[in-house]
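These notes are about the structure you will find just below.
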Amino acid sequence: MYNLDMQKPIIDTETQCYHCGENCKEDSIEMDSKSFCCQGCKLVYELLQENNLCGYYDLQASPGKTQTHLGDRYAYLDQSSISDKLILFKEGDIAHIQFHIPAMHCASCIWLLEHMNRLDAGIINSKTNFIQKELHIIFDLTKTSLRKIVEKLHEIAYPPELNLKELEKGEKEAVSKSRIYKIGIAGFVFGNIMLLSFPEYFSEGIYEGEDFHVIFGYLNLLLSLPVFFYSASEFLENALMSFRQKVINIDVPIAIGIVAMFSRSIYEVVSDTGPGYFDSMTGLVFFMLIGRNFQSKTYEWLSFERDYKSYFPIAVCRLKGTEEEVVSVQEIKTNDRLFIRNQEIIPADVLLVSKQAQVDYSFVTGESREVTCQYGERIFAGARLIGRPAEVLVQKDVSHSYITKLWNQSSGKSESKSKYAHLTESISKWFVIVTMGIAIGSLLYWYPTDPSRAMLAFTSVLVIACACALALSAPFTFGNMIRILGKRGIYLKNTKVLERLSNIDTVVFDKTGTLTSAENYKVEYIGIEPTDLQKQFIASLAHASSHPFSRMISNYLSSSNHKLPITHLKEINGKGIEGWMQGSLVQLGSRSFIQVAETQQENVKSSEVGVSIDGKLLGYFYFKTSYRHSANNLLHSLKKEGYKISVMSGDYNFEQTHLEELLEQKDGIHFEQKPIDKLNSIKEVQSHGKKVMMIGDGLNDAGALMQSDVGLAIAEDINNFTPGSDGIILSKNFGQIGNLLRYAKAGHRIIIISFIISILYNLVGLWFAVQGTLSPVIAAILMPISTSSLVVYTVLASSIKARSLGLTKMRV
Amino acid sequence: MSVILILISFSLLVAGSFLIGFLWSVKTGQYDDDVSPAVRILFDDEILTTKEQPNSKNTDAV
Amino acid sequence: MTIEKFSYDNRIVKNFALATIIWGIVGMLMGLIIALQIPFPGLNIGEYLTFGRVRPVHTNAIIFAFVGNGIFMGLYYSLQRLCKARMFSDGLSKFHFWGWQSIIVLAAVTLLTGHTTGKEYAELEWPIDILIAVVWVAFAINMFGTIIKRRERHMYVAIWFYIATVVTVAVLHIVNSIEIPVSILKSYSAYAGVQDALVQWWYGHNAVAFFLTTPYLGLMYYFVPKAANRPVYSYRLSIIHFWALIFLYIWAGPHHLLYSSLPDWAQSLGTVFSIMLLAPSWGGMINGLLTLRGAWDRVREDVVLKFMVVAITAYGMSTFEGPMLSLKSVNAISHFTDWTIAHVHIGGLGWNGMLTFGILYWLIPRIYKTNLYSAKLASFHFWIATLGILFYAVPMYWAGFTQSLMWKEFTADGILKYPNFLETVTQLMPMYKLRALGGAMFLTGAIVMTYNLVKTMKQGTLNAEEAAEAPALEKNEKEHGGHWHRWIERRPVQMIVISAVVILIGGIVEFIPTFLVQSNIPTIESVKPTLHWNCKEEIFISVKVVTLVTHKWCDLSVPKLNAMVNIPKQESLYMIIHSNGDRSEQVRTYIVKEENIQMYGITII
């Protein structure tokens, strides 16, 4: 259980580094009456201090990250076979490289990263792209190296993301900007056509005598061409496509409206019978495009579809005889011997060759708990080695590992999601039928008496009954909601997720790491009550170690008093720590370490640390995972609102009774679920017509997350592994899941109300249209008023709802 | 009011050239990142202040 | 590729800063003189210092000399740093500086000696117009050259505002200044009557938009974040705000011609676009103010930020007021009254003045590598200037409303209660005096600033060549750079040639109106111009103004004359009424009526 780092000298000092919070060594650097553990920390402090940026240290004590333990972690970057793949391009001695830096988050980050040339003289230029969290560095190969730069970045606590995915990605696909072009052109044309149309609207006779309207009409026609053929192309093409597939989507009524307006306008201009509806048409296209763009808000720096490769290292150390060589992960073959260092992820399924190793499967299971493996034991790909380096033998190459299979198994896109009928789509079908009905009806009504008016009425109905509002309310409502949620640490993949969320009736939780939290260990002590002095002994010893359990013990004893000096401090990796204080030998560690005979209750499911003083066992500290604080309330309120709840866990059933109490129900609690079981049981629920939301984490939930109608991944921080999911929610916002569901339902209501409003507007327009008396002015007034009032309504309503739900109070 | 035709053509000319400017700037990625540039303009003076006190602080660190 | 060493040209910045200060004092002094001339008519001394002569000197000095040099000061400072490049050509910089100063001197001399085209804000005669065009093109080349050889790929939003200014002002100036010279100091507009009025206010409004607003927004987006040392509140908003402003601003001009003989639809057009402008303008204001969010404690201490906050607030106020004034119902109250003067000065004193002061206080110590001589004096300047604005604006608003109400007041018999214009004037005397006090306070502040800045310059030394370094812009970064623009970027000289050709073509195109106008306006034989003007198609009726009460000439339009009033030659106190042909007789009859002659103190010659 214990793996204290032996190399780290532990000294009796309270000094902590101002930058990173690490204990300072005896050679700590003093500056401005602050201590720093190393030059790196001091430099970062200096740089920031000099420039007063962002209150870097005011926001959080010791925000930086530890500056030590780099070792030769990045040694593989010296291999040209690897660095060549990473470098964007080289020109002589000048090379360009682009890093993804997840830690970039504020103005001082930009400042620091763009001043890299002060930290490394070989760097010529460094430029950030904050939106993408990317850093573009141009450097001189003769003065520095890729490894040095990466190490420097690591030192200043902005480690770049270097993983297998980076190697494999080819040309970065250019972000499509065509919609922005379309909006720009439509906006430009709309403004100018409006200008040229005003004379007609305001003329009141004076204008009649002059022949501007002919010139203006043709000018409008000319201007509207790029809008019709370029800006509006996506609506027209989509409509055409849906015709072919014999389904009606929202683009069909829009396209009908656009075509009707455009052709009617051309007719009017050419026949000199009127100014046409160019302004309404271009305005419509402009607003529609803005709506589409508003809706397609994405978190570019977040990846919802990360696959396991994003977490695999680029290179590993392979042993060839006694020699080490760095090879890229793709080159690993069966029976290769690998040397894995502290904090490295094991990229393939392997057998342990070393005597013992500590690994952490958090990446796979979502819960960080260390597991001890013995010689010959199998370790699966994705495990992170903790502590002592280990030697392993590759069993299967990367593409055949268990994790890869698990991934491939679940990455088939679930059917249920793509088939989902959207509210807008289903309404637009009726919309088309009704408007076409009215249009044809008015055509037939007028035709016998007044054929020209019949055509007029027919086109007018199509012009005015454009699905403008219909198409805009969902994008603006959901677009705004997704933004509000994003600010509160709930990141949804797209607006469709919100729509699906509003239909959820069943919520499935994963237990480990979802309902429980790896951070919330509960410490319990069972044994002889220690005296105050003994408590002080234990606390002082625990404080000297950086192991998480030791810290928890230290906190548990909450000894604010003076730490005692320790002599003969000894820490054995993975075992425990001991030291002499005031003539007493104090030991903390596993049963074997404190040399206590293995006794009863072997089947303890929680982790434990024994404590002995002078060879006498005092007792044990137990560490139990505990449920998130908000879990109780959440489950309770969800049940009250009529959601069906169930919990699935990969663990054994030793906590069943506890869970039953928590859920106040006996059914729907499943233990010992394999990933495929989880997936199947969600399928099973869905087959009964239920809409399922799955909340989970880790790769073992990936299949279930994808199968469910909405899969939410819980993450301690957004750069954690989040398997293919529809949304990522920060674990501290776990309690807000109920609000999320309520909010999604409210959004659904808002859209329906906005549809009703738009129908009212349409009725006004139709009243003119069926009589054949719709003038362009009415269209020009009705269209922007209905559009803007709907946009304002949807955005305001969704913001107010967020406020009333208390979503605005949450923090990221 | 024929002069309005002239004014319109000039206005269109100016607006059109700005439209081209807009398309150019989107195309060349001017607006790919709308956070860093706003921060970046604050930098230049700081470069100068440290340049004037040549590396007294930084030499030991680098 | 290595890091290139270069230096920023601070001398040109200093020169423009000095010019800003000097012309600012001159312009404000002229303003004070005309403000005093209204309550104290005796101050109309001699030929050259009459109200009619000094007023255009005041407006021109403030707009083109004070604000103009302020723009160039801020632009030359910020552009170099934003582009990480020295100005394209030192020679062009010098030419620009001295060319612009000589224009100002020539303007002052010609205007005071009575040589004017009679177009507001474009009073300068044709030789000076040509000089302006030449200097402006030199400036444009210098600016675009700098942008082309920049070392920072991203063009900060301020640069876009500068580009908009340079391009649009050039077009506006050229289109509006097409005139037919009759002598070295006299020319006549190529457009006639209401057409001239339309062109004039298309220019006039856009001069406000693209000379007083866009460049200063650019300066705001650079200097406010710099002074506050924090990035602009939302850079995205600033980008959207820029493009929206650019696409809309150019159409708002006709709102200056509400209730004129301009066709109704053109007036409504101006109204609609002015209203739409509210959104982007306030976008800019909110962005500016919110940049200081969380730094209000510093605003309390830092005088630079204080000036900037007042400036941005004034911008917000006047851009709200502007669209409101363009509504016909509001305009019915404000038109021809002192409300307009108040509105203009909220913009001029508040937005342009205060922002210029803020920039000066921030910039001068910086290029002189020293601290401000006295923060106390600067603080005094801030308070007296702010109070000055209040003392100026409040009485003017008051006066505007009073005027409007008095003009529209009828007796029980349905006759105007105050038919004599003088009655309103005497009523407003206290307001005019207070206004002059406000102006004097503002001027005092500027003089204190001058002292403070001169002392600051004395205690420091000009860092004329500020060293800087930056890597050159790599050529083949990012393939999506588009081929045509890289082609242009690599060929600055060709680029300049092309732009020169474009400008030439533009110039030729601009002469077409002359021919167009000829065929469009019917000639009325019965009315002949009194002078030998060769624009036959236009109706001129010259009236001699006997008593010069105020510069409110336009009162002639109150009884719905539907005529445009202009003042071509101040020294003989002539007034010319440009009118649509078919209404000329009416105008003439109206003016000839005895009571009018009495009321306005005019005689026909």
Checklist entry - What do you reckon, is C:SER318 assigned by TED's automatic domain parsing to the domain that holds C:ARG236, free of Cβ contacts under 8 Å to residues at least 40 places away in the same chain, among the hydroxyl-bearing types (Ser, Thr, Tyr) and under 19 Å from C:TRP398 (Cβ atoms)? => result yes
Checklist entry - Yes or no: A:GLU323 surrounded by fewer than 19 Cβ atoms within 10 Å (Cβ to Cβ), charged (D, E, K, R) and at pLDDT below 65? => result no
Next on the checklist: Looking at segment C:156-167, can you tell me whether even one residue there is part of a loop (DSSP other than H, G, I, E, B), within 12 Å of another protein chain (Cβ to nearest Cβ) and at pLDDT 90 or above?
Outcome noted: yes
Checklist outcome for this item: Counted residues in segment A:103-121 being within 21 Å of C:GLU469 (Cα to Cα) and either away from chain B (no Cβ under 11 Å) or within 26 Å of the chain's Cα centre (by Cα) (or both) come to 6
Next on the checklist: Every residue in segment C:328-350 that is of a type in the set (A, V, I, L, M, F, W, C) and within 18 Å of the chain's Cα centre (by Cα), please.
Outcome noted: C:TRP339, C:ILE341, C:ALA342, C:VAL344, C:ILE346, C:LEU349
Next on the checklist: It is to be established whether one or more residues within segment C:115-133 are hydrophobic (A, V, I, L, M, F, W, C) and under 28 Å from C:TYR221 (Cα atoms).
Outcome noted: yes
Checklist entry - Can you find a residue in segment C:33-44 that is of a type outside the set (S, T, N, Q), crowded, with 21+ Cβ neighbours inside 10 Å and touching a Gly at 6+ places or on another chain (Cβ under 6 Å)? => result yes
Next on the checklist: With the structure loaded, tell me whether C:ALA207 is small (Gly, Ala, Ser), assigned to a helix (DSSP H, G or I) and modelled with pLDDT of 85 or more or whether it fails that test.
Outcome noted: no
Next on the checklist: I'd like to know if segment C:119-131 contains one or more residues that are of a type in the set (Gly, Ala, Ser) and closer than 30 Å to B:THR28 by Cα.
Outcome noted: no
Checklist entry - Just checking, how many residues over segment C:184-233 are more than 16 Å from C:ALA158 (Cα to Cα) and away from every other protein chain (no Cβ under 13 Å)? => result 7
Checklist outcome for this item: For segment C:168-183 the number of residues that are of a type in the set (Gly, Ala, Ser) and within 10 Å of chain B (Cβ to nearest Cβ) is 1
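This table checks each residue for (1) surrounded by fewer than 19 Cβ atoms within 10 Å (Cβ to Cβ); (2) within 17 Å of C:ARG55 (Cβ to Cβ).
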{"site": "C:LEU82", "(1), (2)": "no, no"}
{"site": "C:ASP90", "(1), (2)": "yes, no"}
{"site": "C:HIS96", "(1), (2)": "no, no"}
{"site": "C:ILE103", "(1), (2)": "no, no"}
{"site": "C:LEU111", "(1), (2)": "no, yes"}
{"site": "C:ALA122", "(1), (2)": "no, yes"}
Next on the checklist: Based on this model, can you work out whether A:GLY724 counts as over 19 Å from A:LEU635 (Cα atoms) and either in contact with an Asp or Glu (Cβ under 8 Å, 6 or more places away or on another chain) or modelled with pLDDT of 80 or more (or both)?
Outcome noted: yes
Item to check | Check on A:GLY276, over 21 Å from A:TYR201 (Cα atoms), crowded, with 24+ Cβ neighbours inside 10 Å and more than 36 Å from the chain's Cα centre (by Cα) | outcome: no
Item to check | Wholly enclosed helices (runs of 4 or more DSSP H) of segment A:372-451 bearing at least 3 residues modelled with pLDDT under 75 | outcome: A:402-410, A:415-418
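The values are calculated or read from the model by the stated rules, or taken from the named source; none is laboratory data. The structure displayed is predicted, hence computed values, not measured ones. Backbone-built Cβ (ideal geometry, glycine too); neighbour counts: all protein chains shown.
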